[in-house]
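Structure, as structure tokens:
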Amino acid sequence: MLFRLLVTAAALALTSAADAAPVLAPPTDLGPDVTPFVKVARGRIAITHVRVIDGTGAAAVEDQTLLIDGPTITAVQPASMPVPDGYRTIDGNGETALPGLVGMHNHLFYLQRPNIDSAGHFDSPIIVPQMTFSAPRLYLANGVTTMRTTGSVEPYTDLSLKREIDAGHLVGPHLDVTGPYLEGPGAFFIQNHQITSPEDARKEVAFWADQGVNSFKAYMNITRAELKAAIDEAHRHHLKITGHLCSVTYPEAVELGIDNLEHGFFVNTQLDPGKQTDKCPDTIGDPTIEAMTPGSAQANALIKLLVDHRVAITSTLPVFEQSVPLHAPLQARQMDVLTPQAKESYLYLRNLTAGRAGTPRGEKAALAYRNDIGLERQFAAAGGLLIAGPDPTGNGGVIPGFADQRELELLVEGGFTPLEAIRIGTLNGATYLGLADRIGSIAPGKNADLVLVRGNPAADIHDVEKVETVFKDGVGYDTAKLLESVRGRYGQY
Ligand SMILES: [Zn+2]
């Protein structure tokens with residue numbers, strides 16, 4: 001009997017620890033739905049005369065040769081050194097190699113407002129259709145080689161997508177599949193399970209951990225006790241948990257043991273007037289970010305708390321840029337991938353925001369944005385781990401992949417150097433995922449996950465938009481072909 005009990009316990013322990021597929025699956029052969037997008041087949045490849053930005057924050061190095069053997073980078077050497085026999089040569093003149101982006105807030109869905117009109121009215125319920133076809137292509141095409149889904153609406157779909165990508169049947173980045181939003185009553189979209197107790201939270205985490213998700217995310221309406229139960233259960237499965245919080249303040253979540261907080265400092269509610277414990281106020285953090293000036297006593301205390309507890313912060317500037325009046329419009333290349341309905345919806349909402357220029361509401365949005373980027377800089381300067389992802393939701397103006405590039409540009413607009421921004425978008429994300437020995441920078445022995453862009457993003461960060469080829473596991477994907485395959489599709493599937 002005792003023997004039997006021990007065997008059962010061992011088997012159980014094994015099941016719960018072995019379920020999640022690794023974020024970085026072993027490279028495989030590619031199937032017929034993937035090969036049309038391959039520009040450079042896996043093999044021995046020498047990219048010569050290329051500028052290298054390695055992702056560590058170090059200065060760009062001119063005129064290098066990158067040697068790739070199979071899925072792995074084997075050398076980074078001056079172009080004056082000879083290329084060994086048996087390598088195919090790609091001329092990297094005028095191009096820069098940087099690590100594949102590690103997108104840390106990168107959804108696989110679109111936010112649909114049924115029957116939206118020019119006044120911004122729409123019918124209930126808000127629904128969130130999966131972009132399982134277009135989003136992975138958009139991410140990879142634009143340089144994202146690894147991404148976290150950071151809240152799932154159809155976790156089985158996302159898990160299957162990961163399995164199909166890892167098997168070489170579908171094209172897309174390495175996926176860290178996040179479980180369903182851990183959310184109580186009051187969920188923003190209707191597809192969510194509504195947690196009713198700490199035990200319910202624990203069971204939801206345990207169930208999805210057993211189904212193989214890689215991470216978890218808590219959402220806006222969850223109690224401290226439920227969040228604590230979710231954190232403990234996630235950690236019991238050796239998985240990390242982040243939060244886009246509201247009912248729980250940042251300091252409360254830090255004390256409960258959360259690993260990461262989403263949306264920079266925008267959604268902290270600790271200074272919202274009348275904040276009740278365990279309740280998300282209607283103000284959803286706006287008064288807190290408007291009041292929390294970088295360098296203020298409250299900002300300093302919060303940042304010290306975050307850094308002391310090693311809680312990472314995810315910068316999601318593109319989605320907040322959308323609420324600042326007269327923000328940059330979508331470029332033609334981005335409009336091209338939207339469905340006609342998605343274009344219309346985006347333009348309606350953009351026009352409404354533009355109408356707030358010079359109004360108190362518009363000024364507050366601009367103030368919140370300024371405070372947030374200042375706090376992100378202060379957090380990073382204090383030694384905090386700042387990671388990045390665009391959060392493709394909001395008004396429809398945050399497009400997968402394109403917005404990952406925009407995030408880097410906005411970090412630079414906000415005062416980071418281009419090299420710092422690239423590190424935040426690459427090595428820092430890999431560090432959070434515990435994969436910094438494999439991805440996130442360009443170095444011998446690392447995965448050949450890298451982006452070739454025309455120009456020099458160290459001099460002008462906008463050059464990160466000029467992607468020509470994206471290498472994932474040593475296979476070079478054709479950005480133009482991937483984008484062409486989703487023209488007019490984003491918003492539909
Ligand atoms: Zn999000």
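The values are calculated or read from the model by the stated rules, or taken from the named source; none is laboratory data. What you are looking at is a predicted structure, and each value in this text was computed from that prediction instead of being measured. Cβ coordinates were reconstructed from backbone atoms using ideal geometry, including for glycine residues, and neighbour counts include every protein chain displayed. These area figures cover heavy atoms from the full protein model, side chains too; ligands, DNA and RNA do not enter into them. Shrake-Rupley method; radii C 1.70, N 1.55, O 1.52, S 1.80 Å.
Each residue in segment 316-348 was checked for being at pLDDT below 95, more than 20 Å from LEU375 (Cα to Cα) and open to solvent by 20 Å² or more (accessible area, probe 1.4 Å), and 4 pass.
Within segment 92-126, the set of residues being in contact with a Pro (Cβ under 7 Å, 6 or more places away or on another chain) and farther than 30 Å from PHE471 by Cβ comprises GLN112, PHE122, ASP123.
Select, from GLY362, GLY274, GLY355, the only residue that is open to solvent by 20 Å² or more (accessible area, probe 1.4 Å), away from the ligand (no atom under 16 Å from the Cβ), in contact (Cβ under 8 Å) with a residue 12 or more places away in the chain and farther than 25 Å from LEU138 by Cα.
On the way: GLY362 fails: open to solvent by 20 Å² or more (accessible area, probe 1.4 Å); GLY274 fails: in contact (Cβ under 8 Å) with a residue 12 or more places away in the chain.
Within the list GLY362, GLY274, GLY355, the selection yields GLY355.
Return yes when HIS235 is under 22 Å from the mean Cα position of the chain (by Cα), on the phi < 0 side of the Ramachandran plot and within 16 Å of the ligand (Cβ to nearest atom) and no when it is not. No; evaluated as a whole, the condition is false for this residue. Here ASP123 qualifies as free of Cβ contacts under 8 Å to residues at least 12 places away in the same chain and farther than 20 Å from VAL398 by Cα. Any chance you could count how many residues in segment 79-130 are of a type in the set (Val, Ile, Thr), away from the ligand (no atom under 16 Å from the Cβ) and assigned to a loop (DSSP other than H, G, I, E, B)? Count: 2. The condition of being more than 16 Å from the ligand (Cβ to nearest atom), part of a helix (DSSP H, G or I), of a type outside the set (S, T, N, Q) and at pLDDT below 95 does not hold for LEU367. Flag: ASP91 matches the condition of being modelled with pLDDT of 95 or more, open to solvent by 40 Å² or more (accessible area, probe 1.4 Å) and not polar (S, T, N, Q).
Selection of first residues in segment 145-168 that are more than 16 Å from the ligand (Cβ to nearest atom) and of second residues that are basic (Lys, Arg), restricted to Cβ pairs under 7 Å at least 6 apart or on distinct chains, gives the following pairs, ordered by first then second residue: THR145/LYS472. Quickly run through segment 173-230 and pick out the residues that are part of a loop (DSSP other than H, G, I, E, B), under 21 Å from the mean Cα position of the chain (by Cα) and farther than 25 Å from GLY394 by Cβ. GLY212 - this is the single residue of segment 173-230 that is part of a loop (DSSP other than H, G, I, E, B), under 21 Å from the mean Cα position of the chain (by Cα) and farther than 25 Å from GLY394 by Cβ.
Within segment 277-315, restricting attention to residues that are among the small types (Gly, Ala, Ser) and touching a Phe, Trp or Tyr at 6+ places or on another chain (Cβ under 7 Å), the residue that is surrounded by the fewest Cβ atoms within 10 Å (Cβ to Cβ) is ALA312. Right, ALA201: small (Gly, Ala, Ser) and crowded, with 24+ Cβ neighbours inside 10 Å or not? Here the answer is yes, as ALA201 does meet what is asked.
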